[in-house]
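Colleague: Here it is: the structure, laid out below.
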Amino acid sequence: MFFSVVIPTYNRKPILEKCLRSLEQQVIPPNSPIEGYEVVVVDDGSTDETVGWLRANAAALPHVRLFLQDHQGPAAARNLGVEKATGDTIIFIDSDLVVTEVFLQAHAAALLEGTKRLGSDRLFTYGRVINTCNFDDPTAEPFKVTDFSAAYFATGNVAIARHWLEQAGLFDTRFQLYGWEDLELGVRLKNLGLTLVKCPAAVGYHWHPPFALSQIPNLIDKEIQRGRMGVLFYQKHPTWDVRLMIQMTWLHRVLWGVLSLGGRLNERTLAPLLQWLIDRGKPQLALEIARVFLNWYNVQGVYAAYDEFLASKA
């Protein structure tokens, strides 16, 4: 098999450097089914020094092929990456993921084992994603309970035969805001009968900066965007499962309404507590507490977008 690792990126230069260098350090044993690999980077209109750095360091990144597009979001960027890819097997990762040296080989072994067990290639492998805020040594982070994901198809770390993506129709580029474009494609892949094969040996370390109060406006905006894109997801697949995923149920409305005291526990009222925790070296705990009002904003965004949708149909 020939791997095409497709990576959309937007203003992520510092961690993208680590991501691409880790992909250049892959160890492929002599008996490996991997015939070769490329790394297809699609810059989604970055305004930092990403493109300049990539061009200046092309000789040190021999597997990287760079393509540019205006800022259209990750769905369009991944589609362009698949279109330009030369491999028969696509691996999607995000540009803030740092992988181990056996990453590609682990996906290859799991794909072969799954194909043999199922009697077909109607499958994809899902690697492990470990969240870390350790920029200097991201791969030092251990797996935590909070790293568990029950998602069926999340593009942070998946490998799949290219023809299944093309048969499913690739990503819906109407998902231009934050969230859901990968899980929506996952619904279509599930309808084609593809099986998820977990591949914990293909580890990717997802870096994000330690939580700080200055991040809250952006996090709130992302939750509102995710709510709006969730309604688009539901418009395409109006099922109870999707309603649960996007938190568009009375249960979620009551849950986050109660926990946030109807929105009274918010970024303003909780700021002193959050800062106190951050000052004591507990930014992750502060973030988990902040998720109370972040989920409240998400649910509010879902229902606001759904009301707009219903009004447009009236």
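Colleague: Confirm whether Asp121 is part of a loop (DSSP other than H, G, I, E, B) and surrounded by fewer than 15 Cβ atoms within 10 Å (Cβ to Cβ).
Modeller: no
Colleague: Sticking with this structure for a sec: I'm trying to understand the selection: among the residues of region 51-73, which are open to solvent by less than 70 Å² (accessible area, probe 1.4 Å) and in contact with a Phe, Trp or Tyr (Cβ under 8 Å, 6 or more places away or on another chain)?
Modeller: Answer for region 51-73, where residues must be open to solvent by less than 70 Å² (accessible area, probe 1.4 Å) and in contact with a Phe, Trp or Tyr (Cβ under 8 Å, 6 or more places away or on another chain): His63, Gly73.
Colleague: Can you tell me which residues in region 124-157 are open to solvent by 70 Å² or more (accessible area, probe 1.4 Å) and in a strand (DSSP E or B)?
Modeller: The answer is Arg128, and nothing else.
Colleague: So, in region 83-103, how many residues would count as being in contact with a strand residue (DSSP E or B) (Cβ under 6 Å, 6 or more places away or on another chain) and outside any loop (DSSP other than H, G, I, E, B)?
Modeller: Of the residues in region 83-103, 10 are in contact with a strand residue (DSSP E or B) (Cβ under 6 Å, 6 or more places away or on another chain) and outside any loop (DSSP other than H, G, I, E, B).
Colleague: Another question, if that's okay. Quick check on region 200-217: of everything there that is part of a strand (DSSP E or B) and aliphatic (A, V, I, L, M), which residue is surrounded by the most Cβ atoms within 10 Å (Cβ to Cβ)?
Modeller: Here the residue is Ala202.
Colleague: If you check Trp180 against the conditions, is it among the aromatic types (Phe, Trp, Tyr), open to solvent by 20 Å² or more (accessible area, probe 1.4 Å), within 16 Å of the chain's Cα centre (by Cα) and closer than 18 Å to Val302 by Cβ?
Modeller: Spelling it out, Trp180 is indeed among the aromatic types (Phe, Trp, Tyr), open to solvent by 20 Å² or more (accessible area, probe 1.4 Å), within 16 Å of the chain's Cα centre (by Cα) and closer than 18 Å to Val302 by Cβ.
Colleague: If you check every pair at least six apart or on different chains, which have Cβ atoms under 6 Å apart with a residue in region 105-130 that is of a type outside the set (D, E, K, R) first and a residue that is in a helix (DSSP H, G or I) second?
Modeller: Leu123/Gly114; Thr125/His107; Thr125/Ala110; Thr125/Leu111; Ile130/Asp147
Colleague: List the pairs whose first member sits in region 68-79 and is touching a residue at least 40 places away in the same chain (Cβ under 8 Å), whose second member is surrounded by fewer than 24 Cβ atoms within 10 Å (Cβ to Cβ) and basic (Lys, Arg), and whose Cβ atoms are under 9 Å apart, counting only residues at least 6 apart or on separate chains?
Modeller: Within 9 Å, the pairs are Ala75/Arg174.
Colleague: Next up: Considering only residues of region 237-256 that are out of contact with any helix residue (DSSP H, G or I) (no Cβ under 6 Å at 6 or more places or on another chain), within 22 Å of Leu177 (Cα to Cα) and assigned to a helix (DSSP H, G or I), which is most open to solvent (accessible area, probe 1.4 Å)?
Modeller: Among those that are out of contact with any helix residue (DSSP H, G or I) (no Cβ under 6 Å at 6 or more places or on another chain), within 22 Å of Leu177 (Cα to Cα) and assigned to a helix (DSSP H, G or I), it is Asp241.
Colleague: Assuming Ile28 fulfils every condition listed in (1) over 15 Å from Arg12 (Cβ atoms); (2) in contact with a Ser or Thr (Cβ under 8 Å, 6 or more places away or on another chain); (3) in contact (Cβ under 8 Å) with a residue 60 or more places away in the chain apart from one, which condition is it?
Modeller: Ile28 satisfies all of (1) over 15 Å from Arg12 (Cβ atoms); (2) in contact with a Ser or Thr (Cβ under 8 Å, 6 or more places away or on another chain); (3) in contact (Cβ under 8 Å) with a residue 60 or more places away in the chain except (2).
Colleague: Could you list, ordered by first residue, the pairs with Cβ atoms under 8 Å in which the first is in region 187-208 and touching a residue at least 40 places away in the same chain (Cβ under 8 Å) and under 20 Å from Pro138 (Cα atoms) and the second is of a type in the set (Phe, Trp, Tyr) and open to solvent by 30 Å² or more (accessible area, probe 1.4 Å), at least 6 apart or interchain?
Modeller: As it stands, the answer is Trp207/Phe135, since those pairs meet every condition given.
The values are calculated or read from the model by the stated rules, or taken from the named source; none is laboratory data. Bear in mind the structure is a predicted one, so any value in this text is a computation, not a measurement. Because the Cβ atoms are built from the backbone with ideal geometry, glycine has one as well, and the counts that use them run over all protein chains shown. Surface areas here come from the heavy atoms of the whole protein model, side chains and all, with no ligands, DNA or RNA. Shrake-Rupley method; radii C 1.70, N 1.55, O 1.52, S 1.80 Å.
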